[in-house]
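The values are calculated or read from the model by the stated rules, or taken from the named source; none is laboratory data. Please read these numbers as outputs of a predicted model, since none were measured by experiment. Backbone-built Cβ (ideal geometry, glycine too); neighbour counts: all protein chains shown. Note: accessible area is taken over every heavy atom of the protein model, side chains too, but ligands, DNA and RNA are not part of it. Shrake-Rupley method; radii C 1.70, N 1.55, O 1.52, S 1.80 Å.
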Amino acid sequence: PERRSDEALPLLIYLHGGGWTFGSINSCARFCSEVCSRSGISVLAVDYRLSPEYPYPTPLDDCEEAIRFAIKNAARWGCSPNRIMVGGDSSGGNLAISSTLRMNEGDIAGLLLFYPVVKAWNDHTPSWQKYKGFGLDGDLMEAFNQSYEPSPDRIHNPEISPMSATDKTLKKLPRTLLIAAGRDILACQGKEFIDRITSLGVNATRLEFPSAVHLFITVPGQETAFNEAVKYTVEFLGK
C-alpha cells in the first residue's frame, strides 16, 4: 500500500489461475491492486512455472518455495509473520490449498479461494453437467487436468485433488473463505469441499454469487461480482 503505518501488516500471497497452463501475475494484477489499495494490506502475487512444460509437482513446488520465502522475509517487508494468508482463483485456488497443506500448522493464518479446483476429474455433479460456455466447460477443464498431471493418479493424489485428502490432513487448514460463481462447473465441488472441512471443525465460509460465471476475478465484465469479491476479501483479511 502507498500509505504505511508503523504496525506490521497482514500479507496476502496470491496465486493466479489459468488451468495450471497459462496466466501470470498480470492476470490477477487488477484484483491484487484493488485489495491492496482498499485495505492497506500487503499483497504478493506469485508467478510459477506452467504445464505442460512443467507439470505437477513443479507449479506447486514453486508456490511452496514462494510462501516459505515470504514467511522468512515478512518482517523485513514490514509484514507480520503471524498474519500471512494464501489465496488463489480456480487452479490458483487449488495450489493455494495444496501449498498451505505443505506448511506447518499455524504458518498460514487464512485461506482465500475463488471457485477452486478441488477434484481434478469430471465429478458428474449437476453444475459440471449443466454449465457449458460459461468461462469454463468440462472438456476444457479435463484438458487442464491432463496437462497438469497426465496420469490417472491425479484422482487420488491429495496435492492435485484436495477432496481426496484424509480428514486428518484437511483438519489442518486455517480459517477459509470460498467465494463461488453460481453458473460454474466447479460450483458443486466447491460446496462439497467447504461442507466437508466445516464438518471437520475448520472455520470455513462459502459465499456464492448466483449470477456470476467463472473468471470474474481475472476477466473484466462482471463488475458487481468483482467488487463484491474485493469487499469480502478485505473484510476477511482484516479479521
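Can we say L95 is closer than 19 Å to P158 by Cα and not in a helix (DSSP H, G or I)? Criteria not met by L95. No other residue among V35, V117, V86 is closer than 22 Å to R183 by Cα, among the aliphatic types (A, V, I, L, M) and open to solvent by less than 20 Å² (accessible area, probe 1.4 Å) apart from V117. Please specify each residue of segment 38-56 satisfying the condition of being open to solvent by 50 Å² or more (accessible area, probe 1.4 Å) and in a loop (DSSP other than H, G, I, E, B). Once the filter is applied, which keeps residues that are open to solvent by 50 Å² or more (accessible area, probe 1.4 Å) and in a loop (DSSP other than H, G, I, E, B), segment 38-56 yields D47, R49, P52, E53, Y54. Test E159 against the stated conditions and say whether it is at pLDDT 95 or above, acidic (D, E), within 18 Å of the chain's Cα centre (by Cα) and crowded, with 16+ Cβ neighbours inside 10 Å. Yes: the conditions hold for E159.
Residues satisfying the criterion are absent from segment 69-87 (criterion: small (G, A, S), at positive phi, touching a Gly at 6+ places or on another chain (Cβ under 8 Å) and not in a helix (DSSP H, G or I)). Within segment 60-68, identify whether any single residue is within 23 Å of P1 (Cβ to Cβ), open to solvent by 10 Å² or more (accessible area, probe 1.4 Å) and touching a residue at least 24 places away in the same chain (Cβ under 8 Å), and answer yes or no. For segment 60-68, residues within 23 Å of P1 (Cβ to Cβ), open to solvent by 10 Å² or more (accessible area, probe 1.4 Å) and touching a residue at least 24 places away in the same chain (Cβ under 8 Å): present. Taken as a whole, the condition of being surrounded by 19 or more Cβ atoms within 10 Å (Cβ to Cβ), touching a residue at least 24 places away in the same chain (Cβ under 8 Å) and over 18 Å from the mean Cα position of the chain (by Cα) applies to Y131.
Residues checked against (1) open to solvent by less than 10 Å² (accessible area, probe 1.4 Å); (2) out of contact with any helix residue (DSSP H, G or I) (no Cβ under 7 Å at 6 or more places or on another chain); (3) over 22 Å from K130 (Cβ atoms); (4) basic (K, R):
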site: D184; (1), (2), (3), (4): yes, no, no, no
site: D195; (1), (2), (3), (4): no, yes, no, no
site: L200; (1), (2), (3), (4): no, no, yes, no
site: R206; (1), (2), (3), (4): no, no, no, yes
site: F209; (1), (2), (3), (4): no, no, no, no
site: V213; (1), (2), (3), (4): no, yes, no, no
site: F216; (1), (2), (3), (4): yes, no, no, no
site: G238; (1), (2), (3), (4): no, no, yes, no
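Elements of the type helices (runs of 4 or more DSSP H) sitting completely within segment 103-177 and holding at least 2 residues that are closer than 25 Å to K239 by Cβ: these cover 167-170.
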